[in-house]
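> Please read through the structure below; I'll follow up with questions.
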Amino acid sequence: MRNVAKTLGIWIVISILVLFFYNFFFSEKSFYPTLNTNISYTEFLEKVNNDQVKEITIEGKKITAKLVSGEHVITYAPDDNELIPLLKKKNVKIAAKPENQNNWITSFLISWLPFLVLIVLWIVFLKQLQPGNKPFSFVKSRARLIKEGNTKVTFNDVAGIDEVKEELQDIVEFLRNPQKFTKLGARIPKGILLVGPPGTGKTLLAKAVAGEAGVPFFSISGSDFVEMFVGVGAARVRDLFTQAKAHAPCIVFIDEIDAVGRQRGAGVGGGHDEREQTLNQLLVEMDGFDTAEGIVVLAATNRPDILDPALLRPGRFDRQVFVPPPDLNGREAILKLYAKKFKVDPSIDFKTVAKSIPGFTGADIENMLNEAALIAAKKGKERVEIEDLEEAKDKIIMGKERKIIAYHEAGHALVAYYLPDPDPVHKISIIPRGQALGVTQQLPLDDRHIYTEDYLLKKITVLLGGRVSEELVFNKVSSGAQDDLKKATQIAKKMVCNWGMSKKLGPITLGRSEEHIFLGKEIFQIKDFSEETARIIDEEIKNIILSCYEKAKTILTQYLHRLHKIAQTLLEEETIDADRFKLILEGN
């Protein structure tokens with residue numbers, strides 16, 4: 001806010017100075033407030049003869065006359081020996097000044113001084129905008145350096161993701177004692193990509209690695225590289241790795257790397273695109289240093305699918321580490337860790353609290369505890385109590401229908417179990433993964449490359465099981481089945497249009513798709529059939545979906561009591577594996 005006010009103030013000062021210099025140098029009214037216009041010498045003589053001139057000032061050839069009316073006029077006189085006698089005859093007061101010998105200086109100031117002042121002010125303005133107020137500092141890296149020993153975060157400050165910490169322990173060991181690995185010819189990964197949903201602790205993990213190893217830590221966001229000027233981002237990448245080599249061994253952490261590492265060749269911007277040039281320079285720099293130098297690049301993203309393949313190949317980001325939302329035990333550990341920062345009632349059972357917040361990340365849990373502390377403070381309490389945590393939890397997850405999710409996933413699983421010859425249910429979970437609020441996983445008995453019509457119909461039926469379950473139990477439906485409906489419709493459409501599985505249309509293929517020349521993805525479909533055929537296609541797709549929907553409804557209606565059992569177990573345990581699933585259905 002202070003920088004915005006400062007910039008606004010500079011612009012206001014510039015505007016005022018521009019107006020001042022314009023009025024001062026380009027408006028003769030600044031010298032003669034009542035001056036109207038310049039007049040010719042003939043008009044001047046007419047005014048003298050008509051007794052309209054009261055007094056004059058002669059300065060070389062320039063004559064400034066004050067008229068009886070109070071106006072001032074200017075004229076320039078030729079060599080006229082009769083002028084002075086005429087003025088005396090008309091009783092005009094005459095004043096004379098020496099001709100200005102410094103006209104060239106005045107002319108220069110009037111012509112160029114305003115522009116020089118504007119140039120100086122513009123340079124000052126640009127200097128104020130740059131970090132450190134140094135010229136051309138915009139090409140310097142904006143990475144924040146935390147020197148060795150100043151990183152107070154360690155693995156003890158990270159809870160709930162023990163497997164990830166174990167995987168990163170190799171990096172810590174390498175940074176502490178690189179000779180232990182290099183003497184055997186081993187090469188530690190140059191880059192490690194931390195992948196996971198927002199709030200799972202990717203940035204905290206990177207700091208913990210630096211803290212455990214006791215090495216300098218460079219932290220920068222991917223968006224800090226990219227500027228409107230082409231080449232600035234690449235220059236910042238070069239400067240960042242130059243600094244890193246000077247402080248090796250060290251860690252370079254690039255947060256939100258998808259801002260600069262997005263896939264190239266999308267046909268937008270061309271080779272002169274600033275973001276692509278920045279990415280190219282990053283690829284070159286990661287190839288240009290040896291792991292023996294002790295530089296490890298850590299990066300974080302929650303969208304690895306859009307990253308450029310060249311960034312993920314061996315020799316750059318060799319290893320991808322998935323940082324998942326914590327499980328039940330992980331959430332309990334995080335609750336206990338963050339509870340040390342607050343005054344919490346020691347009687348609170350964190351295990352029970354952890355069970356009630358499936359899918360919460362570390363950031364969510366810290367936010368919940370902070371909300372609980374705010375609620376307790378408003379009530380005038382000395383400690384955060386369990387009812388404050390419950391109120392904070394309800395405030396944060398308001399609108400998340402956990403019970404609906406449990407019945408939705410139970411519906412998928414039950415339909416898959418009772419269909420003849422299905423793909424066996426491997427796992428059911430209501431822990432959110434990525435954009436999915438829950439998951440029901442089936443594992444095929446063998447690899448399939450050809451799909452029969454019967455198999456596809458069963459797959460559509462299982463996809464619709466979640467939606468049917470919501471309708472049966474709650475007598476309403478939610479938006480949670482969006483992805484299921486999309487997949488079911490796509491399968492039905494391909495059955496009708498691509499695989500000739502429609503009795504009305506027969507074994508023909510309808511529609512021709514066009515793919516993007518750079519991405520190889522379908523961007524639109526050419527319609528090469530009549531409107532009547534289109535109507536039949538819509539009817540056939542709808543009939544397939546509705547038929548499968550009714551089949552799923554029949555199964556779940558018949559086994560509704562077991563649907564309740566599975567959903568209740570999910571609410572208590574969050575995840576059910578294949579063996580546990582069979583035991584529940586068998587009544588044990």
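The values are calculated or read from the model by the stated rules, or taken from the named source; none is laboratory data. Please read these numbers as outputs of a predicted model, since none were measured by experiment. When we count neighbours, we look across all protein chains shown, and the Cβ atoms used for this are built from the backbone with ideal geometry, even at glycine. Keep in mind that these areas ignore ligands, DNA and RNA; they rest on the heavy atoms of the full protein, side chains included. Shrake-Rupley method; radii C 1.70, N 1.55, O 1.52, S 1.80 Å.
> Before we move on, is E173 under 26 Å from G201 (Cβ atoms) and either modelled with pLDDT under 75 or exposed (fewer than 13 other Cβ atoms within 10 Å of the Cβ) (or both)?
No; evaluated as a whole, the condition is false for this residue.
Residues are listed down the side, and each one gets a yes or a no for (1) at pLDDT 85 or above; (2) open to solvent by 100 Å² or more (accessible area, probe 1.4 Å):
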residue	(1), (2)
S502	no, no
G511	no, no
E515	no, yes
E522	no, yes
T533	no, no
E540	yes, no
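> Return yes or no: is K378 under 25 Å from S429 (Cβ atoms) and not acidic (D, E)?
No, not satisfied.
> Could you look through region 413-462, keep only residues that are in a loop (DSSP other than H, G, I, E, B) and of a type in the set (S, T, Y), and pick out the one that is modelled with the lowest pLDDT?
Across region 413-462, the extreme among qualifying residues is Y451.
> Can you report the number of residues in region 463-482 which are surrounded by fewer than 18 Cβ atoms within 10 Å (Cβ to Cβ) and modelled with pLDDT under 85?
7
> So, one more: With the condition kept exactly as written, say whether any residue in region 319-328 is free of Cβ contacts under 8 Å to residues at least 40 places away in the same chain and either closer than 30 Å to P304 by Cβ or open to solvent by less than 30 Å² (accessible area, probe 1.4 Å) (or both).
No, because not a single residue in region 319-328 is free of Cβ contacts under 8 Å to residues at least 40 places away in the same chain and either closer than 30 Å to P304 by Cβ or open to solvent by less than 30 Å² (accessible area, probe 1.4 Å) (or both).
> How about region 359-376: which of its residues are under 10 Å from A392 (Cα atoms) and open to solvent by 10 Å² or more (accessible area, probe 1.4 Å)?
Once the filter is applied, which keeps residues that are under 10 Å from A392 (Cα atoms) and open to solvent by 10 Å² or more (accessible area, probe 1.4 Å), region 359-376 yields N367, N370, E371, A373, L374, I375.
> If I filter region 568-576 for residues that are open to solvent by 50 Å² or more (accessible area, probe 1.4 Å), in contact with a strand residue (DSSP E or B) (Cβ under 7 Å, 6 or more places away or on another chain), within 19 Å of H408 (Cβ to Cβ) and not in a helix (DSSP H, G or I), do I get at least one hit?
yes
> Hey, another quick one. I'd like the full set of residues that are within 17 Å of N367 (Cβ to Cβ) and not in a helix (DSSP H, G or I), limited to region 328-347.
Scanning region 328-347 gives K340, K341, F342, V344.
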